[in-house]
Structures are given as C-alpha cells and as structure tokens.
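Below is one structure, written out as structure tokens; the observations come after it.
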Amino acid sequence: MTVPPGQEPPGIRPYLRSPAAPVSPAPPAAWNRPAHRAPDNLRPYVLTSGRVQGDDPAVNLETQVTIRPGAPPDAARSMPTELQAILATCVSPVSVAEISAQAHLHLGVTKILVGDLCAAGFLDIHQLEVDPVHSPDVILRVIHGLRAIS
C-alpha cells in the first residue's frame, strides 16, 4: 500500500509516528555502587529476611528498650545502618514506636529488628507489669469521668 506524499498512513496512532528516543548507553548511577554496599532504601522484607512477625511476642509498640550493658561494640560496626541506628537510639530507655520514628522505619519492621537485636544480646526489653484486664466498673467510671470533662 502506497501513501501519497503529505498524508499519514491509516491506522497509525500519533504517538507511534515519531521515532523512539535513543537509549542512553550510560548505566544508571545506582549500578555504579560498590557490590558490598546495600542500597539506601531497602524494602522492609529485605531488612526482615521476609518475616512479617517477630520471634519475640514481648516486643510491642510501647515496649521500652535499652542497650544491654556489656554488649560487644565491635560487632555493631559491621551491622547494617538500620540496626546501627536502632542501637544509637537506645542509649537511654526508648519505646519501640519512638525507635521506629527516629530510624524512619515501618513499625512492623522495627519490632522485628528490635526482637532480633534482643535475641543477639545487644538490647534489653523493659516491660511494665500492668494487668490488662479491667473490671467493667472501672471502665464505666472512666467513661463518666471523661464525659464530665467535656
């Protein structure tokens, strides 16, 4: 089929009429990183080795964590930067939720990593001994007190 000069061939979409942009032969900057260095924005499943739940059920968002006295400081230098950030945050007692916020990590990922660091002997977990079960009478008094405030 021959098309007269000045006319477009039928059925070709306008975005297919122009030639494609040439492909740059230079690789992206991410390819130039050293092989031993991890990318800066690892996905959560990489940090947790694919786990979605931690091994330690005692680690909750309100759990207080500190560095264990006598933890080997040399071993921490070879850890990934996320684990080093968690250890740096735990110099004084801090909650898992605060660690997550300061390290810019998802809360679930932080809970798993904190549990791993506790199991490895780097962190201590401090939990309050609170009875989670309250009598209905106490709950009703709290509700009435809150209504009286507002």
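The packing ranking, built from the mean of other Cβ atoms within 10 Å per residue, places the peptides 60-67, 135-142 in the order 60-67, 135-142, highest first. Within the shell defined by Cβ-Cβ distances under 15 Å, the residues around Pro57 carry a net charge of -2, with Lys and Arg each +1 and Asp and Glu each -1. Annotation: peptides 83-94, 46-57, ranked by per-residue average of other Cβ atoms within 10 Å with the highest first, follow the order 83-94, 46-57.
Each value in this text was obtained by applying a stated rule to the coordinates, not by laboratory testing. What you see is a predicted model; the values in this text were computed from it and never measured. Virtual Cβ from ideal backbone geometry, glycine too; neighbours counted across all protein chains shown.
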